Structure formats: structure tokens, C-alpha cells
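Shown next, in C-alpha cells, is the structure this report addresses.
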Amino acid sequence: MIHRVSSLAALLGAIVMGPATAQETKPPAIAVTATGSVDLSPDYAIIRVGVITRDPQAGRAGEQNARITTAVRAALRQLLRVPDDSLPSAGYSVVTDYDRDRRPSGYAARSVIEARVHDLTQAGPVVDAALAAGATQIAGIQFESTRRDAARLEALGRAVEMARREAEAMARAAGGRLGMLVEASSTGPAYPVDRTSRAMSMAMAAEAPTPIAPPELTVQATITARWVFIPQ
């Protein structure tokens with residue numbers, strides 16, 4: 001695992017020092033924003049498989065879609081050795097279809113199956129099996145890690161460490177030292193930023209197995225902290 005820490009203090013760090021007056025209640029402060037990053041490898045993938053069927057009649061488009069979707073689900077269930085309820089539907093629609101001149105030409109039925117793959121070496125075979133069974137689209141491949149929450153906490157800690165180092169350096173440069181921590185906050189939940197989401201079609205189905213290379217994931221956490229500045 002590789003740990004990286006970056007800081008935005010050069011842009012957002014500031015020394016806030018107001019004029020000394022009898023009415024002043026807030027001491028001068030140093031504010032810093034910093035980002036901590038943690039790299040980790042994914043340990044599972046979510047693959048969304050789509051089936052699109054078209055017909056002049058809505059009912060027939062839906063019937064065709066149901067038949068192919070059932071075949072795709074059976075193929076994935078056999079490959080992954082999982083029960084049917086572990087391959088949930090992630091979407092379904094029947095809408096008016098249009099030709100190139102934007103005139104109604106029938107109906108299009110679309111269903112999406114979501115497969116969670118815990119053995120990443122099976123990602124390529126899942127794509128191949130789905131396409132061979134009649135799927136018309138791989139709507140997306142999302143790589144994830146069960147360590148994401150732990151990685152976020154680690155990234156938060158590293159962001160705080162970097163923020164304090166930045167603040168201490170700013171205080172020394174300003175001719176003083178850092179006092180007590182006044183405030184600290186983080187900006188929202190962190191998600192892996194190096195996700196792979198790709199669309200594939202039946203034209204990609206070939207005799208050779210589909211190569212799926214999992215990327216490294218990066219979890220980031222950004223904090224803003226403010227310390228009292230003590231002039232010397």
C-alpha cells in the first residue's frame with residue numbers, strides 16, 4: 001500500500017490577524033486546508049450488464065427482453081456459483097424508440113443486472129458469459145474495496161498531520177508559534193477516485209477472453225483546521 005499526502009495550504013492557508021483593539025475578542029489564527037491520500041487495491045467489482053430489445057409492440061419488446069435477461073442471469077449464476085437473488089435488477093424500462101429522423105419507430109425495453117464479483121480474475125469471464133448469453137451492453141464496471149472506510153480514517157489522520165506541519169511552518173515564518181487547535185472539519189465522505197467505468201457492446205465479444213485489469217484505488221480526505229497564532 002502506498003500513502004500519499006498533498007496539501008492545499010499554499011492556496012487556502014491563511015494567517016488571520018486583525019488590528020489590536022479593546023473590542024477584539026478573537027485571537028489571531030492560522031487556517032490550513034490539507035488533503036491526505038491512501039492507495040489501496042480493489043478486492044471486488046460491481047459489473048452492470050444491460051439487455052436492450054426493440055420491437056414495434058411494447059409487449060413483445062418486453063417479452064424478448066425478459067427471455068434474454070433470464071438467459072443472461074442463468075449464465076452468470078452458473079459461472080459465479082451464486083443464488084439468483086444475488087444478481088439483482090439495477091434498472092428496467094420500456095420506452096418509445098425513435099429512428100434517425102426522430103420519428104417513433106416502436107419500443108425499446110432495457111433491463112440491467114448487477115453482478116458483484118469477489119474474485120477479480122472472474123471479471124473478464126463475467127463480461128464474456130453475459131455477452132454470449134445475449135446481453136447487449138456492459139453498462140459499467142466499478143472496482144471497490146472493503147477497506148474503504150478504514151482507508152478514509154487513515155487519510156483523515158494524514159491530512160491532519162500535514163495540516164499541522166503546514167501551520168507550524170507558517171507560524172514560524174510569521175515570527176510566532178502555533179497555539180491550541182480551535183476548529184477542524186472534513187469535507188464530506190471520501191470515495192475511491194480511480195474508478196473504472198466503461199461501456200461495451202456485443203461487437204466486443206470475441207474468441208479471446210476479455211481482459212479486465214483492476215486499477216489501484218485512491219481514497220482521499222480533506223480537512224480544514226484553525227489554530228491560535230501566538231506572536232513572539
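The residue of the stretch 19-35 that is modelled with the lowest pLDDT, among those that are closer than 17 Å to LEU178 by Cα and part of a loop (DSSP other than H, G, I, E, B), is LYS26. Looking at ALA169, is it surrounded by 15 or more Cβ atoms within 10 Å (Cβ to Cβ), out of contact with any strand residue (DSSP E or B) (no Cβ under 8 Å at 6 or more places or on another chain) and assigned to a helix (DSSP H, G or I)? So ALA169 passes the test.
Considering only the stretch 78-115, how many residues are among the acidic types (Asp, Glu), touching a helix residue (DSSP H, G or I) at 6+ places or on another chain (Cβ under 7 Å) and under 20 Å from ILE52 (Cβ atoms)? Reasoning before the result, please.
Going through the stretch 78-115, the residues among the acidic types (Asp, Glu) turn out to be 84-85, 97, 99, 101, 114.
Going one step further and asking which of them are touching a helix residue (DSSP H, G or I) at 6+ places or on another chain (Cβ under 7 Å), we end up with 84.
From what is left, the residues that are under 20 Å from ILE52 (Cβ atoms) are none.
The number of residues fulfilling the criteria is 0.
The values are calculated or read from the model by the stated rules, or taken from the named source; none is laboratory data. Please read these numbers as outputs of a predicted model, since none were measured by experiment. Positions of Cβ are generated from backbone atoms using ideal geometry, with glycine treated the same way; all protein chains shown enter the neighbour counts.
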